[in-house]
Amino acid sequence: MGLHTSPDEQFRNLADACEKKLLSAVSPRYCYKVFPKQSLHTLLIGNDIQNHLKNCDTVILFCATLSQGADTCIRLAQAGDVLAGMMTDAMASALTEQFCDIAEHEILSQFDGKFPTWRFSPGYGDMPLSVQEMFLKVIDAERRTGVCVSESGLLIPRKSVTAVIGLSESPLPRAKKGCAICNLSKTCPYRAKGAHCS
């Protein structure tokens, strides 16, 4: 949330209340499908995703969501208190990443001996958000998780993630991640403060 001082007791109490409401509201779920890389040439658009998967022959398409309950919880918090709304939104973003990490670990446990890339999502680098609709259709995500896409390419529910994970038969070199390929890196408020978003 960008705090520069230690939170006081009132702040901590509000945070605890927001956390309890959020955790009781969400229903996290995920789905995925595995494909040969060459079968996804119309989906894996952009030089950055191609470079990301350069040494991979297999690709996992993955979708995770906190469910509509997270969006509802954030909206109710915002209606009652601006700070509570900010807290709940920030917590939901962090929880989404934590859930993605758990789901990724569960998925990759089925691929012993393979070497995975990190998660690469539409909107990273030059991979356009316009692929989201096709991405969700390919893995049947709307039926399996309830995630759909808006006309502008944003996922609904908002606290949802789609990502590509490549699998290789041999160890992969270290690759650029996060800020290094983010389209917002030059104007990012987190980087201006010497921090990062995840």
Test for residue 110: is it at pLDDT below 95 and either closer than 25 Å to residue 156 by Cα or not charged (D, E, K, R) (or both): no
Criterion violated by residue 47 - all others in (1) of a type outside the set (Val, Ile, Thr); (2) closer than 27 Å to residue 139 by Cα; (3) surrounded by 14 or more Cβ atoms within 10 Å (Cβ to Cβ) satisfied: (3)
Number of positions in the range 82-92 that are in contact (Cβ under 8 Å) with a residue 60 or more places away in the chain and more than 19 Å from the chain's Cα centre (by Cα): 2
Sole residue being surrounded by 12 or more Cβ atoms within 10 Å (Cβ to Cβ), within 21 Å of residue 126 (Cβ to Cβ) and under 20 Å from the mean Cα position of the chain (by Cα), chosen from 40, 22, 95, 53: 53
Qualifying residue in the range 101-118 (condition: within 19 Å of the chain's Cα centre (by Cα), touching a residue at least 12 places away in the same chain (Cβ under 8 Å), surrounded by 14 or more Cβ atoms within 10 Å (Cβ to Cβ) and on the phi > 0 side of the Ramachandran plot): no
Number of the exception - residue 6 against (1) among the hydroxyl-bearing types (Ser, Thr, Tyr); (2) within 30 Å of residue 84 (Cα to Cα); (3) within 18 Å of the chain's Cα centre (by Cα): (3)
Residue check, residue 14 over 20 Å from residue 165 (Cβ atoms), surrounded by fewer than 19 Cβ atoms within 10 Å (Cβ to Cβ) and out of contact with any Gly (no Cβ under 8 Å at 6 or more places or on another chain): yes
Single residue of the range 119-154 satisfying the filter (part of a loop (DSSP other than H, G, I, E, B) and in contact with a Pro (Cβ under 9 Å, 6 or more places away or on another chain)) that is surrounded by the fewest Cβ atoms within 10 Å (Cβ to Cβ): 128
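The values are calculated or read from the model by the stated rules, or taken from the named source; none is laboratory data. This structure is a prediction, so every number in the text was calculated from the model and none was measured. When we count neighbours, we look across all protein chains shown, and the Cβ atoms used for this are built from the backbone with ideal geometry, even at glycine.
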